[in-house]
Amino acid sequence: MHITRRDLLRWGIVLGGGATLASGRRSSGADGNLPPSPRTDPFIVELKAGQGIPPVATPVAAFPTQADPGNCLNPDGTTAFHVHGPRTVPANTEFFLIHETPVVHSFHPQLPPNVLWGYNGEIPGPTIIAKSGTPQLVRFVNDLPINDPVGIGEPITAIHRHGGFQNPEDDGYPLDTFCSGQSRDYYYPNRPDKGLLQNEHSTNWYHDHAIDITGPNVYRGLAGFYPYQTPIDTGNENDPPPALGLPSGPFDIGLVFQDRRFDAQGRLVYNTFDHNGFIGDKFCVNGLIQPFLKVQRRKYRFRLLNGSNARVYQFFLSTGQPFVAIGTDSHLLPAPVTVQSIRLAPAERVEVVIDFTNFANNTEIFLVNRLQQTDGRKPDGLVSPGTQILKFLVQGTTPAPDPSRVPTTLLPVTEGPAQLLPQVRVQRRFQFERSDGAWVINGLFFDENRINARPTFRRPEIWIIESGGGWVHPVHIHLSEFFVLSRDGKTPPPLERGRKDTILIGGDVGREVRILIEFDDPRDTPSTTPQRYVFHCHNIEHEDMRMMGQFEVQP
Ligand code: C2O
Ligand code: CU
Ligand code: CU
């Protein structure tokens, strides 16, 4: 039997008196001290449809919805919080069926294949496209093996659509688990908060969120993209205004960055005893180590997602040209922003448009990460030249036809700080820090029986989120996206002036952020009882080691 972080918590090794074992193992087991992964040659594996670019999930015929299974962890004395019977969904609901299954996956031709866990056996999972105004019912079936020889992750899952506006029972609350042989239905209304155009979503992603084991389960492969089509971001670059005409179809590509580590035999390695945050030494894009992508001479939209457990990136283009950013986290920006580099913490998304029109045939352009990090506690700083992670290989002796556009106005904010700040009556402060070999918020470990905050629907609040000590924490709040008012009292950097659902604190980005947040009720018929959601550090090892709290929104 392999030991998991769940076992450590269950046995009280870390949170109780037995901290010696954990800290002793930790000092000898920090990832930087693990033997390096075997050598692999960069840019020999192609990122293409069917290999790294996952299929788009297709709807299935409507099926009867089912009662939730309850928490399959009950033997531990924990209970499911949200359990309900079969439900009635609107007539226009799209149905999907996704199986969590083992999959034989090749990270790189010079390494032997590894058995990962994938949604529908895909790495990353199939892309599920949400159409604003069309609800979806997704049944996830857990077909993961109970006796898994690899020993990374556990066949206990909960699905969170990160950035999504959905009911608590469909939000992947960490105790609403379903185990091997069970399934659970998730209903997504796919409406913007408050019905406002400014709140139409752009890039969500979905990933495992089971209590204590999210880190290894995501590391094993359980993550995928969940982009939206909206009245202005239609998914078709040929649509006339008011559609934005952003690059679409094969020219709209999700890129998820994840670091991995392998032993001398090329087997995937995960370190259960490193609670600082797992850091790999191989850079994967969509599950492939340092791949190349053939691009035509035209514009592309790339949805960059940091799907790593603990690593922070800072991306540059090898040509020195800037990025044109069009979105951050779950929303498009009000207007495109030109930036020289992109800092991306775990779970953050930045969408960019890169124009390859003026490059000659066979030009090689690299996406470079210059932020070095060897420990989950924080990045070491910028280095030069950094690591080339992805190669764009330009194809074509002449420019390709390109009907796509990048309008100067994308998604204007009509209800921002100017409108919401005068309504604020409540301010809360959350301190994220280390304690007893694990991680706390305001001095407290996650406890499913404690509510850390009770905001009210549609009453905006100010939250002050700060890092105690020199550690960095990418803090994620479920249900809503927020405005960053300031960082250490100063105006936030350009990419943090749109809406965010994850924000990095600590280290060189600054100790504290002030955010403006408002929660809307996602129910089709308004809630009459408090609605419970989590917020947590998205360094997933910190999250698993209890850096999580919950809020209950009052009707
Ligand atoms: Cu992406 Cu609560 O997580
Ligand atoms: Cu979320
Ligand atoms: Cu953290």
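The values are calculated or read from the model by the stated rules, or taken from the named source; none is laboratory data. This is a predicted model, so every value here is computed, not measured. All Cβ positions, even for glycine, are placed from backbone atoms using ideal geometry, and neighbour counts span all protein chains on display. Areas reflect the complete protein model, heavy atoms only, side chains present, ligands, DNA and RNA absent. Shrake-Rupley method; radii C 1.70, N 1.55, O 1.52, S 1.80 Å.
Out of everything in the stretch 511-530 that is touching an Asp or Glu at 6+ places or on another chain (Cβ under 7 Å) and open to solvent by 10 Å² or more (accessible area, probe 1.4 Å), what residue ends up being nearest to ligand 2 (Cβ to nearest atom)? Don't jump to the end; show me each part of the working.
In the first step, residues of the stretch 511-530 are kept if they are touching an Asp or Glu at 6+ places or on another chain (Cβ under 7 Å); the result is 511-512, 517, 520, 527, 530.
Next cut, open to solvent by 10 Å² or more (accessible area, probe 1.4 Å) only: 511-512, 520, 527, 530.
Values: Arg511: 23, Glu512: 22, Asp520: 15, Ser527: 19, Pro530: 19 Å.
The qualifying residue nearest to ligand 2 (Cβ to nearest atom) is Asp520.
Test of understanding: among Leu367, Leu393, which residue is open to solvent by 10 Å² or more (accessible area, probe 1.4 Å), away from ligand 2 (no atom under 16 Å from the Cβ), in a strand (DSSP E or B) and hydrophobic (A, V, I, L, M, F, W, C)? It would help to see each step written out before you state the result.
Working: Leu367 fails: open to solvent by 10 Å² or more (accessible area, probe 1.4 Å).
Testing whether each residue is open to solvent by 10 Å² or more (accessible area, probe 1.4 Å), away from ligand 2 (no atom under 16 Å from the Cβ), in a strand (DSSP E or B) and hydrophobic (A, V, I, L, M, F, W, C) leaves just Leu393.
What number of residues within the stretch 35-59 satisfy the criterion of being within 29 Å of Arg139 (Cα to Cα) and either touching a Cys at 6+ places or on another chain (Cβ under 6 Å) or surrounded by fewer than 12 Cβ atoms within 10 Å (Cβ to Cβ) (or both)? First the steps, then the outcome.
Taking the stretch 35-59 and keeping what is within 29 Å of Arg139 (Cα to Cα), we get 47-59.
From what's left, either touching a Cys at 6+ places or on another chain (Cβ under 6 Å) or surrounded by fewer than 12 Cβ atoms within 10 Å (Cβ to Cβ) (or both): 49-50, 56, 58.
Qualifying residue count, the stretch 35-59: 4.
Using the structure shown, decide if Arg267 is crowded, with 21+ Cβ neighbours inside 10 Å and charged (D, E, K, R). Lay out the reasoning, then the answer.
Details: crowded, with 21+ Cβ neighbours inside 10 Å: no; charged (D, E, K, R): yes.
The answer is no for Arg267.
If I go through the stretch 464-498 residue by residue, how many of them are assigned to a strand (DSSP E or B) and away from ligand 1 (no atom under 16 Å from the Cβ)? Let's see the steps before the verdict.
Taking the stretch 464-498 and keeping what is assigned to a strand (DSSP E or B), we get 464-467, 473-477, 482-487, 490.
Of the ones still in play, those that are also away from ligand 1 (no atom under 16 Å from the Cβ) are 464, 466-467, 483-487, 490.
Matching residues across the stretch 464-498 total 9.
I'd like to know if the stretch 323-331 contains one or more residues that are of a type in the set (Val, Ile, Thr) and open to solvent by 40 Å² or more (accessible area, probe 1.4 Å).
Applying the first criterion (of a type in the set (Val, Ile, Thr)) to the stretch 323-331 yields 324, 326, 328.
Filter once more, keeping what is open to solvent by 40 Å² or more (accessible area, probe 1.4 Å): 324.
Yes, the stretch 323-331 has at least one match.
Does any residue of the stretch 291-303 turn out to be within 16 Å of ligand 1 (Cβ to nearest atom) and open to solvent by less than 20 Å² (accessible area, probe 1.4 Å)?
Yes, the conditions are met somewhere in the stretch 291-303.
Evaluate the stretch 456-467: report whether one residue or more is surrounded by fewer than 22 Cβ atoms within 10 Å (Cβ to Cβ), among the hydrophobic types (A, V, I, L, M, F, W, C) and in contact (Cβ under 8 Å) with a residue 60 or more places away in the chain.
yes
Mind checking which residues of the stretch 488-510 are buried (at least 20 other Cβ atoms within 10 Å of the Cβ), at pLDDT 95 or above and not hydrophobic (A, V, I, L, M, F, W, C)?
Start the filter on the stretch 488-510 by keeping residues that are buried (at least 20 other Cβ atoms within 10 Å of the Cβ), which leaves 492, 495-496, 498-506, 509.
Imposing the further condition that a residue be at pLDDT 95 or above reduces the set to 492, 495-496, 499-506.
Scanning the stretch 488-510 gives Pro492, Glu496, Arg499, Lys500, Asp501, Thr502, Gly506.
Against the condition among the β-branched types (Val, Ile, Thr), touching a strand residue (DSSP E or B) at 6+ places or on another chain (Cβ under 8 Å), open to solvent by 10 Å² or more (accessible area, probe 1.4 Å) and away from ligand 3 (no atom under 16 Å from the Cβ), how does Val150 come out, does it pass?
Working: among the β-branched types (Val, Ile, Thr): yes; touching a strand residue (DSSP E or B) at 6+ places or on another chain (Cβ under 8 Å): yes; open to solvent by 10 Å² or more (accessible area, probe 1.4 Å): yes; away from ligand 3 (no atom under 16 Å from the Cβ): yes.
For Val150, the condition - among the β-branched types (Val, Ile, Thr), touching a strand residue (DSSP E or B) at 6+ places or on another chain (Cβ under 8 Å), open to solvent by 10 Å² or more (accessible area, probe 1.4 Å) and away from ligand 3 (no atom under 16 Å from the Cβ) - is met.
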